[in-house]
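Bear in mind these aren't lab numbers, they're just calculated from the coordinates by the rules spelled out. Because the structure is a prediction, the values reported are computed rather than measured. In this analysis, Cβ positions are derived from the backbone assuming ideal geometry, glycine residues included, and neighbour counts consider all displayed protein chains.
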Amino acid sequence: MNYTFKGLMYSGLIFPGSGHIVLKRTYRGLPFLFSATGGLVTLVVQSSRIALEMVSKLEPVTGQIDLSMIMNIVDQAMASVHSTSFNLAFMIILASWVLGMVDVFFIGRQMDTKEKAVPPLPDI
């Protein structure tokens with residue numbers, strides 16, 4: 001398996017920066033890894049906050065909880081999802097994924113050409 005394909009598969013399918021680690025360019029992959037992790041943590045924190053708000057609105061209600069009440073609470077909570085931090089975190093994850101894959105592609109292609117350029121040693 002050539003380096004380009006291997007790096008792209010790891011970076012594209014597993015996590016940004018993992019292709020760099022596989023190709024032994026760890027320090028070059030750390031910014032992609034940390035930025036995607038930071039964006040993911042932000043998304044999880046924001047989603048947890050929204051879920052806790054929805055649960056706290058349901059707790060004081062006594063008696064029957066019907067579907068329309070739940071849908072109203074979900075609609076109100078989803079209106080706050082369009083916050084700047086949520087959108088920024090998503091864009092950071094997307095950018096680190098795409099830029100990481102582009103970087104891994106160039107690293108892998110460079111490693112593939114170096115490997116092909118080295119002539120084999122003669123048998124003695």
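Compared with the dominant Cα axis of the chain, that is its longest principal axis, helix 84-117 is turned about 10°.
Other residues within the sphere of radius under 9 Å centred on the Cβ of Gln76, judged by their own Cβ, net out at -1 (K and R +1, D and E -1). Pairs of Cα atoms nearer than 8 Å and 6+ residues apart set the relative contact order; for the stretch 21-124 it is 45 percent.
The orientation-averaged projected area of the convex hull spanned by the Cα atoms of the stretch 77-123 comes to 4.7 nm². If I fit a long axis through the Cα atoms of helix 67-79 and take the longest principal axis of the Cα atoms of the chain, what angle between them do I get, 0 to 90°, rounded to 10? Compared with the principal axis, the helix lies near 50 degrees. Within the same chain, lysines fewer than 8 places from Lys116 are excluded, and of the rest, those with a Cα less than 18 Å from its Cα are Lys6. Please work out the Cα center distance from the stretch 13-57 to the stretch 96-111, rounded to the nearest Å. Rounded to whole Å, the Cα centres lie 19 Å apart. Taking the C-alpha atoms only, the angle from helix 3-13 to the longest principal axis of the chain is near 0 degrees. Among residues other than Met111 with Cβ under 15 Å from its Cβ, the summed charge is +4 (Lys and Arg +1, Asp and Glu -1).
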